[in-house]
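The values are calculated or read from the model by the stated rules, or taken from the named source; none is laboratory data. Just so you know, these numbers come straight off a predicted model, no measurement behind them. Counting neighbours? That spans all protein chains shown, and the Cβs are built from the backbone with ideal geometry, glycine included. Remember, those area values only see protein heavy atoms, side chains included, never the ligands or the DNA or RNA. Shrake-Rupley method; radii C 1.70, N 1.55, O 1.52, S 1.80 Å.
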Amino acid sequence: MAEWSNWSGRQTDSPVAIVAPTSESDIVEAVAAAAITEMPVRAVGASHSHSRIAATNGMLLTLDGWQGIEAVDTEAQTARIRSGTRIFQLGEPLLEHGLAIRNQGDIDRQSVAGATSTGTHGTGPSLQNLSASVEGARIVLASGDVVDCSPAATPELFEIVRHSLGAVGLITELTLALRPAYRLHETLWKEDPASVFSRIDELVAATRHFEFFWMPQTDACACKSLAETDDAIDELADRKLERIGWSHDVISSTRDDLHTEMEYSVPAHVGPACFNEVREMILRDFPDLQWPLEYRTVASDDMWISAAAGRETVTISAHQDITLDDRPLFEACEEIFRRYDGRPHWGKQHYQTGQELAALYPRYGDWWRVRDEHDPDRIFVTDYLSSLRP
Ligand SMILES: Cc1cc2nc3c(=O)[nH]c(=O)nc-3n(C[C@H](O)[C@H](O)[C@H](O)COP(=O)(O)OP(=O)(O)OC[C@H]3O[C@@H](n4cnc5c(N)ncnc54)[C@H](O)[C@@H]3O)c2cc1C
């Protein structure tokens, strides 16, 4: 037995074996070995999910030996990327081709397959999550077949793979849609919540990315906006609260303080009301909370199980210290999120059952049907995933 834990250490498991492939044929071999013995098998990227989505007591494949960019198509503005590649490994090589990924989350430590498998997103009302950038994928199925998925050739399988929850096979490559490289001007400031919400639409519309962290101890919002710019660094007025750089240097931050997290996506138009209800609940019921709430926006998409499917979205994240029981805070937040038609982030904590999730996504049953067709013996389904089955 080996031991595995996620980034925070909150989720642990004891895989039967940990395998570290360095080629696609190693991955095919590992899946074949698991299939013959009907052993559950799972890949992890950076193990940064807060939920048990990456946990397994079967065979675990770590993909740090399977990284790198296979090919860049500058004309189509796409790149074919090995699945274990971390997002921070993409910035400089893509810049050499004059390209960049369209958006990133708060950090850049995730693997591309891990991030797309859970619908990882950044902020920006015109920017979809990372799964929506997937244009093609290569996957090893339980049958041992290696399939090139695309919307034209394998529409239903492609739909599952681009937002996979690790549940349909081992992704070996992803083709991501990119955009021309771009620079961003970051501005940081503090503002009280009443003031932020008196002009929230204006703030969200003013730049490409706007977000804030609300700090319960001070009842203040630490705001951040990122605007596309061609300016040089010398043109900054205040270098403590502003910076300019390439998108991959500016968007993501370092998050070293271990925590657990719950995040819900709500329809954008109820975002402010939902946020304020959670804020009031925290001030009343959790006066000692030392961790912030984060407020971001995500553009609508058409994926079957994306938290932003079919609606412009606001995401609200609650955090708790890793030394404390997160359940009281998260249950209290979830009770509010549910009333605002919230959908949980697939890589973060939540307490929804499969039947409840099915009510949130019209195509949820289809997602599971297609998954089951490609893995009838359920070697890619763990106990946690079974709890999400409708
Ligand atoms: C500090 C921190 C900051 C974060 N910031 C954000 C943020 O800004 N925005 C956001 O949306 N989320 C954020 N998250 C959540 C995180 O982006 C997601 O949980 C993401 O899935 C983590 O990527 P990973 O590579 O660690 O994947 P893992 O946690 O290792 O795996 C996630 C899922 O992907 C599957 N998987 C991984 N590789 C493969 C593969 N090759 N084939 C098939 N399945 C695979 C796994 O089996 C699992 O189901 C953050 C998490 C942390 C800890």
Among all the lysines, which ones have a C-alpha under 25 Å from Lys190's C-alpha, if same-chain residues fewer than 8 places away are not counted?
Lys224, Lys240
Output needed: percent of Cα pairs per 5 Å distance bin for the range 1-104, bins running from 0 to the one holding the longest distance.
2, 12, 19, 18, 16, 13, 10, 6, 2, 0
Please build a GNM for the chain, connecting alpha carbons under 10 Å apart, and tell me which residue among Ile27, Ile160, Ile336 fluctuates the most.
Ile336
Taking Cα atoms, how many degrees apart are the long axis of helix 327-339 and the longest axis of the chain, rounded to 10 and kept between 0 and 90?
80
Expected vector for the range 169-184, Karplus 3J(HN,Hα) from phi with 6.51, -1.76, 1.60 and θ = phi - 60°, integer Hz, x for Gly and Pro, equals x, 9, 6, 9, 9, 10, 9, 9, 6, 10, 8, x, 4, 8, 9, 10
Long-range amide H contacts for Gly58: which residues qualify at under 5 Å (H placed 1.01 Å from N, peptide plane, sequence gap of 5 or more or a different chain)?
Val16
Could you order Thr56, Thr62 by accessible surface area, starting with the largest, using a probe radius of 1.4 Å?
Thr62, Thr56
Give the angle, between 0 and 90 degrees and rounded to the nearest 10, that separates the Cα long axis of helix 364-374 from the longest principal axis of the Cα atoms of the chain.
30
Full-stretch length increase - Ser126, Ser5 - with 0.36 nm per residue and alpha-carbon distance subtracted
40.1 nm
Surface/4 estimate of mean projected area, convex hull on alpha-carbon atoms of the range 255-302, nm²
4.6
If you plug each phi of the range 153-159 into the Karplus form 6.51 cos²θ - 1.76 cosθ + 1.60 with θ = phi - 60°, what whole-Hz ³J(HN,Hα) values come out, in order, with x for Gly and Pro?
7, 9, x, 6, 5, 4, 4
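Largest first, what is the accessible-area ranking of Val146, Val41 with a 1.4 Å probe? If you can, show how the numbers build up before the last one.
On the way: Val146 55, Val41 0 Å².
If we order Val146, Val41 from most to least accessible, we get Val146, Val41.
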Principal semi-axes in Å for the range 255-390 [√(5λ), Cα gyration tensor, largest first]
28, 18, 12
Dipole in debye (nearest 20) - the range 69-181, about Cα centre, beta carbon charges: Lys, Arg +1; Asp, Glu -1:
240
accessible surface per residue for the range 69-181, probe 1.4 Å, DNA/RNA/ligands not counted, whole Å² -> 33
Per residue, how much space in cubic angstrom lies within the convex hull of the C-alpha atoms of the range 13-67?
67
Whole-number accessible area per residue in Å² for the range 215-361, which is evaluated in the context of all protein chains at 1.4 Å
43
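Averaged over all directions, how much area does the convex hull of the C-alpha atoms of the range 44-135 cover when projected, in nm²? Mind dumping the intermediate values first?
Values: hull surface 25.9 nm².
One quarter of the hull surface, i.e. the mean projection, equals 6.5 nm².
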Which ³J(HN,Hα) values in Hz, rounded to whole numbers, follow from the phi angles of the range 261-272 under the Karplus curve 6.51 cos²θ - 1.76 cosθ + 1.60, where θ = phi - 60° and Gly and Pro get x?
8, 10, 9, 10, 9, 10, x, 3, 5, 9, x, x
What is the angle, in °, between the Cα long axis of helix 24-37 and the longest principal axis of the Cα atoms in the chain? Nearest 10 is fine, range 0 to 90.
70
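Order these peptides, 123-135, 6-18, by their mean beta-carbon neighbour count within 10 angstrom, highest first. Could you put the intermediate results ahead of the total?
Numbers: 123-135: 22.5, 6-18: 16.9.
Averaged packing, sorted descending, gives the order 123-135, 6-18.
For the range 69-181, state the semi-axes of the equivalent ellipsoid (square roots of 5 times the eigenvalues of the alpha-carbon gyration tensor), sorted largest first and rounded to whole angstrom.
Values: eigenvalues 95, 46, 34 Å².
So the equivalent ellipsoid measures 22, 15, 13 Å along its semi-axes.
Which percentage, to the nearest 5, of the DSSP beta bridges contained in the chain is antiparallel? Numbers along the way, then the final one.
Working: 66 of 74 bridges.
Roughly 90 percent of the DSSP beta bridges within the chain come out antiparallel.
Is there a quick way to get the dipole size of the chain? I mean about its Cα centre, with the Cβ of Lys and Arg at +1 and of Asp and Glu at -1; what is the value in debye to the nearest 20? Display every interim value, and only then the final one.
Working: 34 positive and 61 negative charges, 72 e Å.
I would put it at about 340 debye.
Take the Cα radius of gyration of the range 183-344 and divide it by 2.2 N^0.38 Å, with N its residue count; two decimals is plenty.
On the way: Rg = 16.4 Å, N = 162, 2.2 N^0.38 = 15.2 Å.
In units of the 2.2 N^0.38 Å rule of thumb, it is 1.08.
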What is the distance, in nm, between label points placed 7 Å from the Cα along the Cα-to-Cβ direction at Glu70 and at Asp201?
4.6
Roughly how many nanometres apart are two label points built 7 Å out from the Cα toward the Cβ at Met215 and Asp383?
4.1
5 Å is the cut-off here: which amide hydrogens, built 1.01 Å from N in the peptide plane, fall below it relative to Cys149, excluding neighbours closer than 5 in sequence?
Ala137, Arg138, Ile139
Per q in 0.14, 0.20, 0.21 1/Å, what log10 I(q)/I(0) does a Debye calculation on the alpha-carbon atoms of the range 125-268 return?
-0.90, -1.23, -1.28
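In whole percent, what relative contact order does the chain give with Cα contacts below 8 Å and a gap of six or more residues? Could the numbers behind the result be given before it?
Numbers: 884 pairs, mean separation 67.6, N = 390.
This gives 17 percent for the chain.
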Stretched fully, the stretch from Ala153 through Thr12 gains (0.36 nm per residue minus C-alpha distance, one decimal, in nm) 47.0 nm
Computed over the chain, the convex hull of the Cα set has an average projected area, in nm², of 18.4
So what's the gap between the Cα centers of the range 92-161 and the range 261-296, to the nearest angstrom?
29
Taking amide H atoms as placed 1.01 Å from N in the peptide plane, list the residues 5 or more away in sequence, or in a different chain, whose amide H sits under 5 Å from that of Leu63.
Val44
Round to the nearest 0.05 the FRET efficiency obtained for Glu331 and Ala232 when R0 = 56 Å and r is the Cβ-Cβ distance.
0.70
